[in-house]
């Protein structure tokens, strides 16, 4: 990926966010797709396939936004680049799939929501369509979270473990609360809110969902973030 | 070189051509499905420009639909060039399905 011109801090931050958003959606699509034949029920396998198709479509539609930001991608493939470590490889169990659906999809979608009225018009257009489609992903994640929590025993314990693992990785993605480029992006109307607000929204939603099921997961502040790969 | 027809006449013909393009997954036209957001003809350039949307970002029929739309427009004697832009705003919803298409889908047993 190369930039075709000098960019300010806000644009540089948006290039990083948009490129990484697409990378992670591409990886998430692959992870969902791998469970499209081995989910616990035929209905959930079909749902995994549908979500995979959505995520790959979101990735494919998001990469062109980079061109509007002055970046040329070296290839047109859906190479997932540098996704979060948690979704870089095949997920080991269904609880991991649901945790990714809940936490990774949750963080990414909350970021997308912050771009719904972006001054980067191609991003705003895509954001509105992505949000329309992500509503079903959220309902799927919530329904399966309740189902696994109510199953109790090892299913419930594994879900809690996987959510905690996903949170450690995904909550880091937006970056530090005081990132200067992010602040400038907000000032320029490229996004409406920053890392702290994104984490806060997802944490609040997860806490309400998990508390209602009596599942305890610590959703702490992330540490250690690499700017280049956002992980 | 033949003179281009008046803009409105060509555009009317192009709309009719697009009405013959079927969605590969459902036997109804892409116009009826509300996939054509806009169509414009530029007589001096002999160019047709289409804004096209899809029901879903992961629509597996995107390439087929794009190819079929292009072929339909290129078949017009007054069109030398076709530009297709995929747009996501307005967001496609079932409200974009035209009434006659909705009726046809119901006849086919497709809930809308």
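Here, each number is a calculation from the coordinates, and none is a lab measurement. Not measured: the values here are computed from a predicted model. Counting neighbours? That spans all protein chains shown, and the Cβs are built from the backbone with ideal geometry, glycine included.
Structure data summary
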read-out	value
Largest-first principal axis extents, alpha carbons of the stretch B:7-107, Å	41, 25, 21
Diffusion coefficient, µm² s⁻¹, Stokes-Einstein with Kirkwood Rh over alpha-carbon pairs of chain A at 20 °C and 1.002 mPa s	121 µm²/s
Angle between chain A longest axis and helix A:42-68 axis [Cα atoms, degrees, rounded to 10]	10 degrees
Cα gyration tensor shape of the stretch A:91-183, rounded if a/c is under 1.5, else prolate or oblate by comparing a/b with b/c	oblate
Inter-part distance where the stretch A:177-210 and the stretch A:87-135 are each reduced to a Cα centre, Å	14 Å
Cβ-based exposure ranking for A:72, A:11, in which fewest neighbours within 10 Å come first	A:72, A:11
Percentage relative contact order, chain A, counting C-alpha pairs under 8 Å, at least six apart	25 percent
Nearest-ten-degree value, helix B:62-74 long axis tilted from longest Cα axis of chain B	30 degrees
Most fluctuating residue given options A:116, A:31, A:73, as computed from a GNM of chain A linking Cα atoms under 10 Å	A:73
Residue B:47-residue B:15 pseudo-label distance in nm [points 7 Å out on the Cα-to-Cβ vector]	2.3 nm
Helical contribution to [θ] at 222 nm, DSSP H n ≥ 4, -39,500 (n - 2.57), averaged over chain B, rounded to 500	-9500 deg cm²/dmol
Spin-label pair residue A:93/residue B:7, simplified geometry with 7 Å Cα→Cβ offset, distance in nm	6.5 nm
Principal-axis tilt of helix A:105-114 within chain A, Cα atoms, nearest 10 degrees	40 degrees
Computed [θ] at 222 nm, deg cm²/dmol, chain A (DSSP H ≥ 4; -39,500 (n - 2.57); rounded to nearest 500)	-21000 deg cm²/dmol
GNM flexibility winner over chain A from A:134, A:184, A:43 (Cα, springs under 10 Å)	A:43
GNM top mover of A:54, A:105, A:155 - chain A, alpha-carbon springs below 10 Å	A:155
